[in-house]
Amino acid sequence: MSPNNNRRQHWINENTKFGAHGHGIEGVPIFRVAVSKRRGDFTMNVAIVLAAGQGQRMRSKTPKVLHKITGLSMVGHVIRNVRAAGIDQTYLVIGHQGELVKQEVPDVIHVEQAEQLGTGHAVNQCRVALAEFEGIILVTYGDTPLFTADTFQQVLEYQREQMVAATVITAIMADPTGYGRIIRSESGRVTRIVEQKDANPSQLEIQEINTGTYCFDSQLLFTYLDKITPDNAQAEYYLPDVLPLLLGDGHEIAGYCISEAQESIGVNDRVQLAEAEQIMRKRICRNHMLAGVTIIDPQSTYIELDCQIGQDTVIHPNTHIQQGSVIGADCTVGPNARLTHTQLGNGVNIEQSVVLDSTVGDNCQIGPFAYLRPGSKVGADCKIGDFVELKNTTVDTCSKIPHHCYIGDAQVGSGVNIGCGTITCNYDGEQKHKTVIGNNSFIGSNSSLVAPLRIEDGAYIAAGSTITKDVPKENLAFGRARQVNKEGWQKRRANSDS
Ligand code: UD1
Ligand code: MG
């Protein structure tokens, strides 16, 4: 009896639209739905992520999958999304510069592929580890970072419901160059995948491509991986070659065509890296905008993954928000701002400034042209104005450093006013020293505060002072030569010259 007997099959027209697969799947045509006899336990899901290839076309010292988009490595995106899709165990196949990949992505199971003999060979390296496993294996690549967790989840659900031997995620590409082409029978059945290098001219015309992401019945996958041969233009073991073998033995395979072909972009060179970055960036901006953030020009706004922005904050062009920065509500950020690993309270206005590893309290005014270096903590209602550099400095509430200052390794109290041109001389050539400025002190313009130094609460430093000794509470300190006016001096000089 043929294994196809008693098998229920539905054939769905290519143009059929489905809207019931949860958000994100609206308008996705599913080419084929079929039911196979094989069932596994399906209580656990496993992913195999392929990342052993060299990625020669990147022309880089860094392994391809470690190149970053929106602040996270490509393989990092993939691992994060397979996890979010409910995968319990992720096997990462590493090879070329595997040690580096391992260091960067430690929290997965690493499987080594010593020689890169093709995608089928790569998956086969997990055979021993997964020998006992019965269930669904999601196979995807470390260089296709744009697949969403939703898509992974939907294809896993689809495979689970249909109980086919394999499901291939396909996409329609305007320019399919470089991808494996999906070959379907007259009735619309996926029969095999032909690689670009093996395709004949009419196959090259096909726009439906193999995205390289699949779900497999685990036991069938390893049974049939044993049977593929490197009999092709690249002399490689092609993973897609298991599909016709499965079909030949009467197992069912399905093609799951995603509507957002962009998700499947594989990054092979730096042009594609920039394209992937742009798509991811657009997604991130869109999510913030839908959550109530105004982004004046999303095209010139660079927000990395996992940054938070509060409601009614306005982001102006050419702003970079990086490394999990958190911005409160009702802020105005930019134009030309860079915030890296930084926290802003509510109502902060920050313009043309760089803030690194720092925190800024509510209602502060930062910039234009301020530079807050790592370790700066600015309390609420402060002003850190133009050409002010802070480094490893705490400024308490309601203080003002309005212009042209360098304040490093300092602790500034609340209600302090630091005049234009003040600097902390915090470095003696060998060591850094601390400056403490008490509450409600006034530092006159163009003062040099030579650390280590304590200026107590309410002290007053005369403008132009070089302060080398501690200043007690509410004292006035001068640290400059007294001015001498010489009456008639200019006239005398003129006479002696003649
Ligand atoms: C592969 C598919 C092609 C599909 C395309 C989608 C095969 C034979 N072809 O082609 O149908 O359209 O992806 O992007 O599968 N890798 C290993 N070990 C190896 C070889 C590759 O780990 O021995 C990894 C690579 O690091 C990469 C991924 O597998 O992450 C894909 O390999 P790549 O050489 O880019 O395959 P494509 O030619 O793009
Ligand atoms: Mg590729």
Exercise. Of everything in the stretch 292-320 that's of a type in the set (A, V, I, L, M) and outside any strand (DSSP E or B), which residue is least open to solvent (accessible area, probe 1.4 Å)?
Worked result: V293
Problem set entry | Any chance D241 is more than 13 Å from the chain's Cα centre (by Cα), assigned to a helix (DSSP H, G or I) and either outside the structural domain of L72 (by TED's automatic domain parsing) or acidic (D, E) (or both) | yes
Problem set entry | V450 vs. criteria among the hydrophobic types (A, V, I, L, M, F, W, C) and open to solvent by 10 Å² or more (accessible area, probe 1.4 Å) | yes
Exercise. Within the stretch 158-197, restricting attention to residues that are surrounded by fewer than 19 Cβ atoms within 10 Å (Cβ to Cβ) and within 9 Å of ligand 1 (Cβ to nearest atom), which residue is modelled with the lowest pLDDT?
Worked result: G178
Problem set entry | Pairs where the first residue, in the stretch 106-121, is in the same structural domain as I48 (by TED's automatic domain parsing) and of a type in the set (V, I, T) and the second is within 15 Å of ligand 2 (Cβ to nearest atom) and part of a loop (DSSP other than H, G, I, E, B), C-beta under 7 Å, 6+ apart | T119/Y238
For this session: Scan the stretch 338-385 residue by residue and report those that are assigned to a strand (DSSP E or B) and aromatic (F, W, Y).
Result: Y371
Seminar exercise, completed: Counting only residues in the stretch 209-252 that are within 16 Å of ligand 2 (Cβ to nearest atom) and of a type in the set (A, V, I, L, M), the one modelled with the lowest pLDDT is identified as A233
For this session: Could you check, for the stretch 213-232, whether at least one of its residues is within 9 Å of ligand 1 (Cβ to nearest atom), within 30 Å of R270 (Cα to Cα), surrounded by fewer than 18 Cβ atoms within 10 Å (Cβ to Cβ) and under 36 Å from the mean Cα position of the chain (by Cα)?
Result: no
For this session: Considering only the stretch 164-208, state which residues are hydroxyl-bearing (S, T, Y) and more than 16 Å from ligand 2 (Cβ to nearest atom).
Result: T167, S185, S187, T191, S202
Exercise. Out of (1) under 28 Å from G250 (Cα atoms); (2) near ligand 1 (Cβ under 9 Å from one of its atoms); (3) of a type outside the set (D, E), what's the single condition that is false for V139?
Worked result: (2)
Seminar exercise, completed: Selection from the stretch 321-331 of residues outside any loop (DSSP other than H, G, I, E, B) and crowded, with 18+ Cβ neighbours inside 10 Å yields I321, Q322, I327
For this session: Would you please name the residue that is farthest from ligand 2 (Cβ to nearest atom), looking only at residues in the stretch 267-291 that are in contact with a helix residue (DSSP H, G or I) (Cβ under 7 Å, 6 or more places away or on another chain) and either open to solvent by less than 20 Å² (accessible area, probe 1.4 Å) or part of a strand (DSSP E or B) (or both)?
Result: C285
Problem set entry | Lone qualifier among E252, E275, E208 - being in the same structural domain as A47 (by TED's automatic domain parsing) and within 15 Å of ligand 1 (Cβ to nearest atom) | E208
Exercise. Mind checking which pairs have a first residue in the stretch 73-96 that is at positive phi and a second that is away from ligand 1 (no atom under 11 Å from the Cβ) and not hydroxyl-bearing (S, T, Y), Cβ under 8 Å, 6 or more apart or different chains?
Worked result: G86/N45; G86/Q153; G86/L156
For this session: Only one of these is in a helix (DSSP H, G or I), open to solvent by less than 60 Å² (accessible area, probe 1.4 Å) and modelled with pLDDT of 95 or more: V78, V111, V93, V46. Name it.
Result: V78
Exercise. Can you tell me which residues in the stretch 131-153 are surrounded by 22 or more Cβ atoms within 10 Å (Cβ to Cβ), of a type outside the set (F, W, Y) and away from ligand 2 (no atom under 16 Å from the Cβ)?
Worked result: I136, I137, L138, T151, Q153
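The values are calculated or read from the model by the stated rules, or taken from the named source; none is laboratory data. None of the values given here were measured: they were computed from a predicted structure. Virtual Cβ from ideal backbone geometry, glycine too; neighbours counted across all protein chains shown. Areas reflect the complete protein model, heavy atoms only, side chains present, ligands, DNA and RNA absent. Shrake-Rupley method; radii C 1.70, N 1.55, O 1.52, S 1.80 Å.
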